[in-house]
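Before any comments, here is the structure.
The values are calculated or read from the model by the stated rules, or taken from the named source; none is laboratory data. Bear in mind that the values here come from a model prediction, so they are computed numbers and not experimental data. Please note: Cβ atoms are built from the backbone with ideal geometry, for glycine as well, and neighbour counts cover all protein chains shown.
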Amino acid sequence: MELQKLFKQNYVDELIRAVRNGNNNHLYDNEAFEFNEEKTLLSPVISKPDNGDFLLPGYNSNYDFENAKIIYEAYRTLTPLQASDIRFWTYLTHADYYGYMKKRWAGNANVEPAARSKYILDHWFISSPTQNNFTRHAIAGLWWGAYLTYDSTRADPYELTRVLFTQLDFATRTLGAYSLARHKEAVMGILDYILQNPDLFASHFEQKSRFLTRYLNQVGGIKPLTYFDRNFFKATLQTVEERISRF
């Protein structure tokens with residue numbers, strides 16, 4: 001198995017500057033991204049998987065859940081530290097998964113240049129190594145979503161992953177926007193509560209999921225949430241079930 005390529009950090013910075021200035025935006029319309037091979041390096045600790053091709057978005061589905069499973073299985077041995085390497089994810093979006101990115105997050109090439117630059121930066125790059133930015137990234141967010149929800153004790157270890165990707169905004173902007181997203185037990189407790197209450201979340205899922213993540217974030221202001229397991233989070237949400245049902 002060959003070693004995984006990364007972009008050098010100074011090249012990542014160079015690509016970001018070029019997009020901000022609008023100089024490189026046309027490159028994202030090409031069938032392959034033209035990057036400088038001399039500005040890559042081999043990771044001594046990450047191996048390139050033999051398979052890991054994504055399902056390309058189609059008319060009926062973007063396949064976010066399926067692709068989260070694929071990327072997690074392909075890079076199952078990543079440690080959280082390795083999965084926090086901006087150079088790694090930037091290389092994947094511009095090289096190994098460029099075809100997927102172009103299909104899923106191409107955007108409109110005819111929009112105003114500043115808007116196009118922002119769109120590319122939001123989806124193809126990670127501005128800083130924070131949990132929020134990783135969960136919102138087009139590919140890193142899929143891996144982190146699967147990592148935080150994978151449960152080997154279940155008959156289907158990806159059962160909670162499917163719940164997380166019910167709506168992409170739930171994974172990236174609702175739950176992912178809070179510090180709760182750093183705590184695997186919190187994420188699993190929230191998702192298990194949703195899974196066990198299908199009737200409650202059959203309607204107004206977005207509003208209800210926003211409420212419960214905001215509520216738990218408020219609880220975190222008075223309690224050290226990182227010390228609690230998933231049962232605490234499920235029990236806490238049960239106390240406000242009537243409020244959730246009002247949406």
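Out of the range 143-172, which residues are modelled with pLDDT under 95 and acidic (Asp, Glu)?
Within the range 143-172, Asp169 is the sole residue that qualifies.
Given the conditions (1) farther than 23 Å from Leu15 by Cα; (2) touching a helix residue (DSSP H, G or I) at 6+ places or on another chain (Cβ under 7 Å); (3) of a type in the set (Val, Ile, Thr), report the number of the one that Thr135 does not fulfil.
(1)
Identify, from the list Leu27, Leu15, Leu6, the residue that is surrounded by 11 or more Cβ atoms within 10 Å (Cβ to Cβ) and more than 23 Å from Leu78 (Cβ to Cβ).
Going through Leu27, Leu15, Leu6 in turn, the sole match is Leu27.
From the set of residues in the range 30-44 that are under 25 Å from the mean Cα position of the chain (by Cα) and surrounded by 11 or more Cβ atoms within 10 Å (Cβ to Cβ), which is nearest to Arg116 (Cα to Cα)?
Looking at the filtered set, the residue picked out is Phe33.
Determine if the range 127-141 includes at least one residue that is crowded, with 21+ Cβ neighbours inside 10 Å and farther than 23 Å from Leu160 by Cβ.
no
Restricting to the range 57-79, name every residue that is part of a loop (DSSP other than H, G, I, E, B), surrounded by 12 or more Cβ atoms within 10 Å (Cβ to Cβ) and in contact (Cβ under 8 Å) with a residue 24 or more places away in the chain.
The answer is Pro57, Asn62, Tyr75, Leu78.
The rows are residues; the columns are (1) more than 24 Å from Ala68 (Cα to Cα); (2) surrounded by 15 or more Cβ atoms within 10 Å (Cβ to Cβ); (3) in contact with a strand residue (DSSP E or B) (Cβ under 8 Å, 6 or more places away or on another chain); (4) of a type outside the set (D, E, K, R).
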position	(1), (2), (3), (4)
Ala171	no, yes, no, yes
Met188	no, yes, no, yes
Pro198	no, no, no, yes
Ala235	yes, no, no, yes
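Which residue pairs have Cβ atoms under 7 Å apart, sit 6 or more places apart or on different chains, and have a first residue in the range 191-208 that is acidic (Asp, Glu) and a second that is at pLDDT 95 or above and buried (at least 17 other Cβ atoms within 10 Å of the Cβ)?
Close Cβ pairs (under 7 Å, with a partner that is at pLDDT 95 or above and buried (at least 17 other Cβ atoms within 10 Å of the Cβ)) amount to Asp192/Leu160; Asp192/Arg230; Asp192/Lys234.
Can you pull out the residues in the range 89-114 that are assigned to a loop (DSSP other than H, G, I, E, B) and either farther than 15 Å from Ile71 by Cα or among the aliphatic types (A, V, I, L, M) (or both)? Spell out how you get there, then give the answer.
Within the range 89-114, the first condition is being assigned to a loop (DSSP other than H, G, I, E, B), and the residues that meet it are 95-97, 105-112.
Listed by number, the residues that qualify are Ala95, Trp105, Ala106, Gly107, Asn108, Ala109, Asn110, Val111, Glu112.
Do we find that Leu3 is in contact with a strand residue (DSSP E or B) (Cβ under 6 Å, 6 or more places away or on another chain), modelled with pLDDT of 90 or more and either over 15 Å from Ala140 (Cβ atoms) or of a type in the set (Asp, Glu) (or both) in this structure?
Values: in contact with a strand residue (DSSP E or B) (Cβ under 6 Å, 6 or more places away or on another chain): yes; modelled with pLDDT of 90 or more: yes; either over 15 Å from Ala140 (Cβ atoms) or of a type in the set (Asp, Glu) (or both): yes.
Yes.
Let's see how each residue does on (1) touching a residue at least 60 places away in the same chain (Cβ under 8 Å); (2) buried (at least 16 other Cβ atoms within 10 Å of the Cβ); (3) of a type outside the set (D, E, K, R); (4) touching a helix residue (DSSP H, G or I) at 6+ places or on another chain (Cβ under 6 Å):
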| residue | (1), (2), (3), (4) |
| --- | --- |
| Arg210 | no, yes, no, yes |
| Tyr215 | no, yes, yes, no |
| Lys223 | no, no, no, no |
| Phe228 | no, yes, yes, no |
| Asn231 | no, no, yes, no |
| Gln238 | no, no, yes, no |
